1. Would you confirm, using the coordinates I've provided, whether residue 253 is part of a helix (DSSP H, G or I), among the hydrophobic types (A, V, I, L, M, F, W, C) and touching a helix residue (DSSP H, G or I) at 6+ places or on another chain (Cβ under 8 Å)?
2. Against the condition closer than 20 Å to residue 241 by Cβ and among the small types (Gly, Ala, Ser), how does residue 64 come out, does it pass?
3. If the Cβ limit is 6 Å and pairs must be 6+ apart or interchain, which residue in region 61-76 that is touching a residue at least 24 places away in the same chain (Cβ under 8 Å) and more than 9 Å from the ligand (Cβ to nearest atom) pairs with which residue that is open to solvent by 20 Å² or more (accessible area, probe 1.4 Å) and not in a helix (DSSP H, G or I)?
4. Out of (1) surrounded by fewer than 17 Cβ atoms within 10 Å (Cβ to Cβ); (2) touching a strand residue (DSSP E or B) at 6+ places or on another chain (Cβ under 8 Å); (3) on the phi > 0 side of the Ramachandran plot; (4) touching a residue at least 40 places away in the same chain (Cβ under 8 Å), what's the single condition that is false for residue 307?
5. Take the residues of region 82-99 that are more than 10 Å from the ligand (Cβ to nearest atom) and small (Gly, Ala, Ser): which is farthest from the chain's Cα centre (by Cα)?
6. Assuming residue 82 fulfils every condition listed in (1) open to solvent by less than 10 Å² (accessible area, probe 1.4 Å); (2) assigned to a loop (DSSP other than H, G, I, E, B) apart from one, which condition is it?
7. Is it the case that residue 25 is among the β-branched types (Val, Ile, Thr) and over 25 Å from residue 190 (Cα atoms)?
8. For region 92-106, give me the residue count where each residue is part of a helix (DSSP H, G or I) and surrounded by fewer than 19 Cβ atoms within 10 Å (Cβ to Cβ).
Amino acid sequence: MPAYTSPRPGQAFTGRVVDLRSDTITLPTPAMREAMATAEVGDDFLGEDPTATALEARVNELFGAEASVYVPSGRMANLVGLLSLTQPGDEVLCTRNAHFFHYEGAAISVIGGVQPRALTDRRGVLDPAEVAAAVKAPLDYLPRTRVVAIENTHNQEGGAVYPIDDLHALRKVADEHGLAVYMDGARIFNASAASGVPVAEYAALTDGLMFAFSKALSAPVGSMVVGSEAYIERARRHRKLLGGGMRQVGVLAAACLVGLNTMVDRIPEDHAHARRLAEGIAALAGGAVAVDEVETNIVMVRTAALGFTPEGFVEAMAERGVRFFTFGTGNVRMVTHKDVSAEDIELALERMAEVM
Ligand SMILES: *Cc1c(COP(=O)(O)O)cnc(C)c1O
């Protein structure tokens, strides 16, 4: 994950910067700025913000869901989303490299008294038999296995999509063992664009789901927790408990609505750019990228094949105006998004060729 260094390498670079660090860096579009400036607002803490309410209605419709609630960040969405399925003393099964397991300050444990337990997965896909075997017996000294959580797309697994057949199989085993299914769908629109599976079809197989507006959808702030009426009632309570109840939040929700209405259909461009980037890097050094594993907007690069350490490659390229983060062991991660063009990808590849 991001190694934040100071001073950052490449700060002196003055040409066109190709920023592949994350899709979170996407800037709001002019239409978002306009919608934010003119949004009708009220006190959402009192349930009186018409734009926030309109956003919920639009999300409910898109996801075929009863209810949804807007929260300030993806991390708060995962925390609210998982707290609303658990009680202290519960256990949540997850993938080895789950975002909430590694990068969210152990929040569900610190705040919820909930224990995560990682299973062995295949690029983010869980084996139903292993899930079944992991469910603890109902003995009074054991944690209660309550939730199985997956990530779609899976960030640390290079943007891998959770195949719909595997999700059906997971749902089945979860039902057999009384487990809730939770989806960290921060990039669910990337998953849907790649697989052709509508987001509502994913949502229908979960008891709770979150997605981010601040990544591919390019809105400045916010994520959504989606589910049943009763679940979102609990989520609203947890949001306020965590200090996430906001006032004239329509100013932010307005940009999210524009994101939903204008940014979803263009996601395949990001995926095409990622694939071109992967093919270009593979042409520089076979083995640096598993091109077949590039399903969405994330490219994982094995820098050893390029003759660099991860940190060395990040620094050499930052000095040439191409930015990305080290990520995992021996890897760097490159992420395409709406502020990276096809020309930018070619520029990045030319600059990589220079350092080989
Ligand atoms: C980015 C991300 C999050 C957290 O979102 P923030 O808005 O950065 O807090 C959660 N899960 C996954 C899979 C992510 O990629």
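The values are calculated or read from the model by the stated rules, or taken from the named source; none is laboratory data. All figures in this text were calculated on a predicted structure; none of them were measured in a lab. Positions of Cβ are generated from backbone atoms using ideal geometry, with glycine treated the same way; all protein chains shown enter the neighbour counts. The accessibility values were calculated without ligands, DNA or RNA, using every heavy atom of the protein model including side chains. Shrake-Rupley method; radii C 1.70, N 1.55, O 1.52, S 1.80 Å.
1. In short, yes.
2. No; evaluated as a whole, the condition is false for this residue.
3. Hits for this filter: 66/228.
4. Status for residue 307: all satisfied but (2).
5. Ranking the qualifying residues of region 82-99, first place goes to 89.
6. Failed condition: (2).
7. no
8. Residues flagged as part of a helix (DSSP H, G or I) and surrounded by fewer than 19 Cβ atoms within 10 Å (Cβ to Cβ) within region 92-106 amount to 1.
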